[in-house]
Structure formats: structure tokens, C-alpha cells
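**Student:** Can you read through this structure? Questions will come right after.
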Amino acid sequence: MSLLSSLLDHIPPTIAGADKQTMASRAPDRPRPVLISRVERPVQLPAAMYTNAAMATPEWRHTRDQYINHLMACRSCCAPTGRHCAAGADLRATYDRTPMESHQ
């Protein structure tokens, strides 16, 4: 026998969950939330209105590619912190000004 088993011999075993209260005994007079009716929310944008890079204008994609290629090569630019070199700042400004979708 080990030293640990001889120390634990005089302690009665515990039953899991015996000391926990049930949900009913905690708050019997507490009101329970009930779903009365389903809330209908209007769709904000139809499926055809989503804009992504695949549907963007060629000018926007070209400007985006120039900006990202510069970011990957330039050690002075850091996009998450907003720090850019002079060329990176110009590319970022051009990227921000270029419309992503064509207005028909």
C-alpha cells in the first residue's frame, strides 16, 4: 500500500453532483424567457449587390495589386499601423480614391 492510499482510507467517497442544486430548486418563482414570435429582419443587400474583388473594376484591382506588391517588398511600410514611405503613401491614397464598383 502506498502512503497516499493509507491517508485516503478514512475519507468517505464523494458522489458526483450530490452537492449541486437542481434548476428547479434554485429559483422556483423566477420567470423563464419564452419566445413569443419570430423577429423578421429585412435583407439589407440583395445577392446581386455584393461587391468583392472578383466583381470589382479592373482599375481598382490594378491599383490594389500595385499597393499590395509595394507593401510586400517595402521594409518601411506597415499597413496595420498605417505607416508608409512616400511611395507607399501615394499608392495608398490612389487605392483609397479608386472606386471598387462602376456606377452605371
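The values are calculated or read from the model by the stated rules, or taken from the named source; none is laboratory data. Just so it is clear, the model here is predicted, and its values are computed rather than measured. Quick reminder, even Gly has a Cβ in these numbers, built from the backbone with ideal geometry, and neighbours come from all protein chains shown.
**Student:** Restricting to the range 82-104, name every residue that is surrounded by fewer than 11 Cβ atoms within 10 Å (Cβ to Cβ) and either under 19 Å from MET72 (Cβ atoms) or at pLDDT 90 or above (or both).
**Tutor:** GLY82, ALA86, ASP96, ARG97, listed by residue number.
**Student:** List every residue pair whose Cβ atoms sit under 6 Å apart, with the two residues 6 or more apart in sequence or on different chains, where the first one lies in the range 75-104 and is over 18 Å from GLU59 (Cα atoms) and of a type outside the set (Asp, Glu) and the second, anywhere, is at pLDDT below 95 and loosely packed, with under 12 Cβ neighbours inside 10 Å.
**Tutor:** CYS85/SER76
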